[in-house]
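The values are calculated or read from the model by the stated rules, or taken from the named source; none is laboratory data. Because the structure is a prediction, the values reported are computed rather than measured. Because the Cβ atoms are built from the backbone with ideal geometry, glycine has one as well, and the counts that use them run over all protein chains shown.
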Amino acid sequence: MKSLLFRPEAELGAMHWAPDGQDSGRWQRVLRAGLITLLIAGIAWLDFVSGPDVHLFVFYLMPILLVTNGLGQVAGILMSILCVACNVAIAWFVNPGFAVPDLVTAAARLLMSVLVVIAWGRLQTMGRALAELSLTDPLTGLQNRRACVLRGDVELARMRRSGECLSLMYIDLDNFKSVNDSHGHKGGDRVLRATAEGLREFLRRSDLAVRIGGDEFAVILPATGRDGGRRLGEEVRSCLRLLYIKEGVAVTASVGVATFYTAPESFEEVLHFSDQLMYQIKRNGKDGVLQRDVGHPMTASA
């Protein structure tokens, strides 16, 4: 199964109101809808008491943009129609009767609102695309180190709440430089892309595979203890060995697996400890797996 790509909502810069089946989510949507309703009512009241000589339609853009931001362009256009209708109704109530200029003004306000909604939607789309690019390795399509740290911080917070453990697998490709020397950088890029695809196909959906940089990869293994981490490390090493034989390159993998039972201050500590385990494998002959526990009362074995 392919690994689940991490896309933090704060990075995408969008407010999503999609139903999540939880009471807290429903109450939040009800609260937001109520606040938008109160906002429209407040603007309409100001529009009414200010009289026909003061034009307050620009303030209706606030609820229009809030709805667009949360529910999309179609909902934003519908809200635009509602706000223009509200503005027209108030103008008629204050001064009954319509002239052609009034209709032209209403049509212009509706057109302006729709254009603002479309422009805002495009800005949101561009923001999401830029945020995703900032979290993605362009060569392999995996998430990058920045995404790894963001997801890791989320997992550490989960550890502190639930008491679950967390494992991190750190992978370095042995003799990768020889691939670049003998097959050129295109050959090296092909091996890196094949490695990423192999990790995607092999790992569980809850895991996150990332490219740290160069020929180094990492895999976050949520709620995975020492036995599961060691087993997955051995299976990944075997899977990659077969993959490299198929690719016709003399490459193997050194894998360090760190299992944390208590959450450190930052995820950088998790990366550093796993990296050190991987380098121990390098110093001891490469092509191996080394697992260690951190914060467990029992002594871990290799």
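So here's what we get for this one:
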item: Qualifying position, being surrounded by fewer than 18 Cβ atoms within 10 Å (Cβ to Cβ), touching a Phe, Trp or Tyr at 6+ places or on another chain (Cβ under 8 Å) and without any contact (Cβ under 8 Å) to a residue 60 or more places away in the chain, among TRP92, TRP120; result: TRP92
item: Per-region count, segment 254-280, residues under 28 Å from the mean Cα position of the chain (by Cα), surrounded by 15 or more Cβ atoms within 10 Å (Cβ to Cβ) and outside any helix (DSSP H, G or I); result: 9
item: Of the criteria (1) among the polar types (S, T, N, Q); (2) touching a Gly at 6+ places or on another chain (Cβ under 7 Å); (3) at pLDDT below 95, which one ASN284 fails; result: (2)
item: Selected residue (criterion: farthest from the chain's Cα centre (by Cα)) from residues of segment 76-99 that are assigned to a helix (DSSP H, G or I) and more than 15 Å from PHE57 (Cβ to Cβ); result: PHE93
item: Verdict on ILE220 being more than 28 Å from the chain's Cα centre (by Cα) and either closer than 22 Å to GLY188 by Cβ or modelled with pLDDT of 95 or more (or both); result: no
item: In segment 88-138, residue nearest to ALA75 (Cα to Cα) [restricted to those that are touching a Leu at 6+ places or on another chain (Cβ under 9 Å) and among the hydroxyl-bearing types (Ser, Thr, Tyr)]; result: SER113
item: Where a residue in segment 40-58 is closer than 22 Å to LEU78 by Cβ and modelled with pLDDT of 85 or more and its partner, wherever it lies, is among the hydroxyl-bearing types (Ser, Thr, Tyr) and surrounded by 14 or more Cβ atoms within 10 Å (Cβ to Cβ), with Cβ under 8 Å and at least six apart; result: ILE40/TYR60; ILE43/TYR60
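Each row is one residue, and each column tells you yes or no for (1) in contact with a helix residue (DSSP H, G or I) (Cβ under 8 Å, 6 or more places away or on another chain); (2) free of Cβ contacts under 8 Å to residues at least 24 places away in the same chain; (3) more than 22 Å from ASN144 (Cβ to Cβ).
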residue	(1), (2), (3)
THR259	yes, no, yes
ALA263	yes, no, yes
GLN276	no, yes, no
LYS282	no, no, yes
VAL294	yes, no, yes
